[in-house]
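Chemist: Below: one structure in structure tokens.
Taken together, the values in this text are just the output of simple stated rules run on the coordinates, not laboratory data. Predicted model, so just to flag it, every value in this text is computed and none were measured. Every residue, glycine as well, gets a Cβ built from its backbone with ideal geometry; the counts of neighbours run over all protein chains shown.
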Amino acid sequence: NPNRSTYTIGFSQCVDNDDWRQAMLHEMYRELAFHPEVQLIYKNAGASSAQQIQDIRDLEEAGIDLLIVSPNEAAPITPVVEEVFQSGIPVIVIDRKTTSEQYTAYIGADNYEIGNIAGKYVANLLPEGGRILEVTGLPGSTPAQARHRGFVEALRARDASLFVIDTLNGQWERSIARQQAQQQRKRYAKADLIFAHNDMMALGTYEVISQDTALAQAKLLGIDALPGINLGIDLVDQGILDATFLYPTGGDKAIEVALAILDGHPFERENIMQTTVVDASNVKISKLQAEKIADQQQDMERQQTAIESQLSIYRSQRTLLYIVAIS
Ligand code: FRU
């Protein structure tokens, strides 16, 4: 839309030192490349809820037209997000939620469903029953809460032979999950299966248990299923993870919905993305598909750069012609 006025979107990210958040940001910039008139102000709270409150206030101060936010923890971030929403600025919540209904649109997969599918998967994987150790994300963040609930409810549908022996907090981080495993070896030794709320924590756990014969027999599940070396799909391919569940970042969708909101076009309030399991049965095809998509995206990005440089040549030639004409 050539007539669109300039918009400023503020994006408050809870943390960004991991591949999943980088993928989200990359998807946003890729989508934004088609809309050079739109500006993005990006803030990373570095996993601090206090910092994120400050970041959102700063964005409000900067005069943003729309806020995209992925709350580090739901409760502490809720009041400031409600404040922004009530001031008339549209709010898109992505991935992690607040505790409030006061937002314009939500983008993300259904974390209850992901936990539930993981639980059903485990019930199939361990027909004789077994002891499960769960490594959760930050307990104050909604994906950790919903994944846990979905998971234990799926297990409850089975008999008492399958149960969770421990639920430990890995704070979404590989290094914390690694520490947990180092410090609680005895508890891990009892587990037949470890369900980590993301692939990074599964990898951190693996780094400890693979070094110890008493622990190494445990099956290992994660979530995210990112493509790339040592990320979820590849970890399944290497046999490090038994399975992972796709958790799309929704970065491109967030920009799409943001522009629809700003342009006054129709949009969905709840944008729920689909999950799927990646395990030994489909990891090769998943990998091929992911590589193909990455290739196509790189092609598109190259084309876009080429178009931009053509355009800038055209503009400078026009200026030159103009100068020649008037002199
Ligand atoms: C990345 C991450 C993902 C996880 C999501 C949950 O920062 O920890 O691994 O699926 O956040 O919000």
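Chemist: Just one of L246, L226, L259 is aliphatic (A, V, I, L, M) and more than 18 Å from the chain's Cα centre (by Cα); which is it?
Modeler: Details: L246 fails: more than 18 Å from the chain's Cα centre (by Cα); L226 fails: more than 18 Å from the chain's Cα centre (by Cα).
L259 is the lone residue from the list that is aliphatic (A, V, I, L, M) and more than 18 Å from the chain's Cα centre (by Cα).
Chemist: Is it true that K253 is more than 14 Å from the ligand (Cβ to nearest atom), under 13 Å from the mean Cα position of the chain (by Cα) and surrounded by fewer than 22 Cβ atoms within 10 Å (Cβ to Cβ)?
Modeler: For K253, the condition - more than 14 Å from the ligand (Cβ to nearest atom), under 13 Å from the mean Cα position of the chain (by Cα) and surrounded by fewer than 22 Cβ atoms within 10 Å (Cβ to Cβ) - is met.
Chemist: Hey, another quick one. Inside the range 144-172, can you point out the residues that are in contact with a strand residue (DSSP E or B) (Cβ under 7 Å, 6 or more places away or on another chain) and away from the ligand (no atom under 11 Å from the Cβ)?
Modeler: Result: H148, F151, V152, L155, L162, F163, V164, I165, D166, T167, L168, N169.
Chemist: Quickly run through the range 105-127 and pick out the residues that are small (G, A, S) and within 16 Å of the ligand (Cβ to nearest atom). Break it down into steps so the answer makes sense when it comes.
Modeler: Our first condition is that a residue be small (G, A, S); within the range 105-127, this holds for 105, 108-109, 115, 118-119, 123.
Passing the criteria: G108, A109, G115, A118.
Chemist: Sort out which residues of the range 5-18 are within 8 Å of the ligand (Cβ to nearest atom) and out of contact with any Ser or Thr (no Cβ under 7 Å at 6 or more places or on another chain), and write them in order of number.
Modeler: Narrowing the range 5-18 to residues within 8 Å of the ligand (Cβ to nearest atom): 14-16, 18.
Within the range 5-18, V15, D16, D18 qualify.
Chemist: Turning to a different aspect of this structure: Which one of these does Q102 not meet: (1) of a type outside the set (A, V, I, L, M); (2) under 30 Å from P90 (Cβ atoms); (3) within 16 Å of the ligand (Cβ to nearest atom); (4) surrounded by fewer than 22 Cβ atoms within 10 Å (Cβ to Cβ)?
Modeler: (3)
Chemist: Among the listed residues S210, S175, which satisfies the condition of being within 16 Å of the ligand (Cβ to nearest atom) and closer than 28 Å to V15 by Cβ? If you could, list the steps in order and put the result at the bottom.
Modeler: On the way: S210 fails: within 16 Å of the ligand (Cβ to nearest atom).
Exactly one residue qualifies, and that residue is S175.
Chemist: Next question, about the same structure. Does the range 128-143 include one or more residues that are within 14 Å of the ligand (Cβ to nearest atom), surrounded by 21 or more Cβ atoms within 10 Å (Cβ to Cβ) and within 17 Å of I272 (Cα to Cα)? Quick ask: steps written out before the conclusion?
Modeler: Kept after step one, since they are within 14 Å of the ligand (Cβ to nearest atom), are these residues of the range 128-143: 135-143.
Among the residues that remain, those that are also surrounded by 21 or more Cβ atoms within 10 Å (Cβ to Cβ) are: 135-138, 141-143.
From the residues that got through so far, the ones that are within 17 Å of I272 (Cα to Cα) too are 142-143.
For the range 128-143, residues within 14 Å of the ligand (Cβ to nearest atom), surrounded by 21 or more Cβ atoms within 10 Å (Cβ to Cβ) and within 17 Å of I272 (Cα to Cα): present.
Chemist: Let me ask you something else. Please go through (1) in contact (Cβ under 8 Å) with a residue 60 or more places away in the chain; (2) within 16 Å of the chain's Cα centre (by Cα); (3) assigned to a helix (DSSP H, G or I) for V15 and return the number of the only condition it doesn't satisfy.
Modeler: (3)
Chemist: Could you grab me the full set of residues in the range 204-249 that are farther than 19 Å from V122 by Cβ and without any contact (Cβ under 8 Å) to a residue 40 or more places away in the chain? Outline the logic, then answer.
Modeler: Here is the first cut: in the range 204-249, the ones farther than 19 Å from V122 by Cβ are 204, 207-208, 210-214, 226-231, 233-234, 237-238, 248-249.
Hits for the range 204-249 are G204, E207, V208, S210, Q211, D212, T213, A214, I229, N230, Q238.
Chemist: So in the range 22-65, with the set limited to residues that are touching a residue at least 60 places away in the same chain (Cβ under 8 Å) and charged (D, E, K, R), which one is nearest to the ligand (Cβ to nearest atom)?
Modeler: Among residues in the range 22-65 that are touching a residue at least 60 places away in the same chain (Cβ under 8 Å) and charged (D, E, K, R), the one nearest to the ligand (Cβ to nearest atom) is E27.
Chemist: Now a separate question. Look at A118 and say whether it is in contact with a Phe, Trp or Tyr (Cβ under 6 Å, 6 or more places away or on another chain) and under 24 Å from F195 (Cα atoms). Full working, then the answer.
Modeler: Details: in contact with a Phe, Trp or Tyr (Cβ under 6 Å, 6 or more places away or on another chain): yes; under 24 Å from F195 (Cα atoms): yes.
Judged against the criteria, A118 is a match.
Chemist: When the range 84-96 is examined, which residues are found to be away from the ligand (no atom under 16 Å from the Cβ) and either hydroxyl-bearing (S, T, Y) or assigned to a strand (DSSP E or B) (or both)?
Modeler: From the range 84-96, those away from the ligand (no atom under 16 Å from the Cβ) are 84-91; that's our starting set.
Once the filter is applied, which keeps residues that are away from the ligand (no atom under 16 Å from the Cβ) and either hydroxyl-bearing (S, T, Y) or assigned to a strand (DSSP E or B) (or both), the range 84-96 yields S87, V91.
Chemist: Counting only residues that are of a type in the set (D, E, K, R) and more than 16 Å from the ligand (Cβ to nearest atom), which one in the range 213-242 is surrounded by the most Cβ atoms within 10 Å (Cβ to Cβ)? Step through it out loud before you land on a result.
Modeler: Restricting attention to the range 213-242, the residues satisfying the condition of being of a type in the set (D, E, K, R) are 219, 224, 234, 237, 242.
Now restrict to residues that are more than 16 Å from the ligand (Cβ to nearest atom): 219, 237, 242.
On the way: K219: 17, D237: 15, D242: 20.
Here the residue is D242.
Chemist: Follow-up question, since we're still on this one. Within the range 60-83, work out how many residues are surrounded by fewer than 24 Cβ atoms within 10 Å (Cβ to Cβ) and part of a helix (DSSP H, G or I).
Modeler: Counting residues in the range 60-83 that are surrounded by fewer than 24 Cβ atoms within 10 Å (Cβ to Cβ) and part of a helix (DSSP H, G or I) gives 10.
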